[in-house]
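The structure appears below as structure tokens.
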Amino acid sequence: MAEVQVVAPGSDERYLTTAEVARRLDVKPETVYAYVSRGLLTSVRAPGRRGSLFAQDQVDRLADRGAQDRQPRGAVERIRTELTLLDEDELYYRGHRVADLATANSIESVAYLLWTGELVTRTLFPAPPGLLAMARGCVAALPESARLTDQLRVVVAALGAADPLRFDLAPAAVVRAGETLLGVMVDALPEVGRPAGNTFAARLWPRLTTRRAQPALLNAALILLADHDLAVSTMAARVAASARAHPYAVVSAGLGALDGHYHGVASSHAYRFLAEAMADPVAALSERLRSGQTPPGFGHAVYRSRDPRAEVLFGMLRRILVAERVMHCVDALVAELGTSTFPNVDLGIAAMMHAFDMRQDAGEAIFAVARTAGWIAHALEEYREPGLRFRPLGVYTGDRPAR
């Protein structure tokens, strides 16, 4: 077995956790420990930190050896990012625990942290009057059946067409585009409630509900959803950025992937399930389990025993009187399911929607707006990489040509 070493103080070598190594090598965590026993990897420890760490360069060399025996897989497994870390059921943005960021900072500041690495107080996202008037005109031309995310896609496309300097991919220009994108995206949506203030969350709130504003709660939700490593919509955004698409096109690519059944609409599925469960939790669970389905809003592909984002939202909702009924329902569902699974952030968003009578597509809009900040951050990273690096080779299964 490889000797367990201690990370040298002040070392600038990059290290990966066991979970990250398993994802990098496309194996189970148990296999990672087997590699250590066979001397293929060296496990190290960091003072004051639980769990094993592995030198990234050593992991990369092992991955390259294994890749020689596999079909070509492109550059996806080689993406290195400084933005988001998923480690032991915790989520971090640039080394900051997201659960702490969500309750102590604004989404404006956290977006700037993702974009630049600096956590500082930021001013409001601007919505220039001319661009805002154009965007509102585009939204007004849509049919009444258009969802909020439909409206957001139209706004993003219009803003791109209106920016003659959209192909300026310098970091400062991309950050300015991101700020304007977010500001206009929100302010272009029609208001259904009373204005709630000038912060980003306060500007979004009256677009979702007529109920009294809780901007701190919505601000936390936006921060919790801003990024989540290489989710499918983020991959779509990075592929677009690798082709040197401008920021508006990058966000459009992300919005397109987010509109699928398995990604951005998850909160809507959880919302409908929670509506049934508030009438009869046991009956709602029984119906899902009888059909072999996992109840919407429970479990996660990445987290093993808890979703830290859900815990933050539930903790805040418990302190709000009007959320008492929906939280009682959530607690009943969790008790019935026991330790077999756990509530995720989609159930947290659905609970917030029910507590404040938000429109049924509000969760999708919150997700889309929040994740726009993350897509811009990933675009900034991808613009520093070689262009068009995502070129996997297909495994042809059709008819072979005659020889």
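Where a number appears in this text, it was derived from the coordinates with a stated rule and is not lab data. Keep in mind it's a predicted model, so treat the numbers as computed, not measured. Neighbour counts run over all protein chains shown; Cβ positions are idealised from the backbone, glycine included.
What fraction of the DSSP beta bridges in the chain is antiparallel, stated in percent and rounded to the nearest 5?
Antiparallel bridges: around 85 percent, rounded to the nearest 5.
With each pseudo-label sitting 7 Å past Cα toward Cβ, what's the Arg290-Glu276 distance in nm, one decimal?
That separation, rounded to one decimal, is 1.0 nm.
Nearest 0.05, what FRET efficiency do Cys138 and Glu118 give at R0 = 30 Å with Cβ-Cβ as r?
Taking R0 as 30 Å, the efficiency between Cys138 and Glu118 is 0.35.
What longest range of the chain stays clear of loop-exposed GluC sites (Glu not before Pro) (DSSP non-H/G/I/E/B, at most 16 other C-beta within 10 angstrom)?
Answer - 192-403.
Extending each Cα 7 Å along its Cβ direction at Leu388 and Arg212, get the distance between those two points in nm, one decimal.
Simple spin-label model gives 5.9 nm for this pair.
Go through region 185-234 and name the trypsin sites (Lys or Arg not before Pro) that are in a DSSP coil and have 16 or fewer other Cβ atoms within 10 Å of their Cβ.
Loop-located and lightly packed - Arg211, Arg212.
Per-residue ellipticity at 222 nm for the chain, helices alone: DSSP H runs ≥ 4 residues times -39500 (n - 2.57), over residue total, nearest 500 deg cm²/dmol?
When only DSSP H runs of four or more count, the value is -16000 deg cm²/dmol.
Quick check: pseudo-label points 7 Å beyond the Cα along Cα→Cβ at Arg176 and Gln360, how many nm apart are they?
About 4.3 nm, to one decimal.
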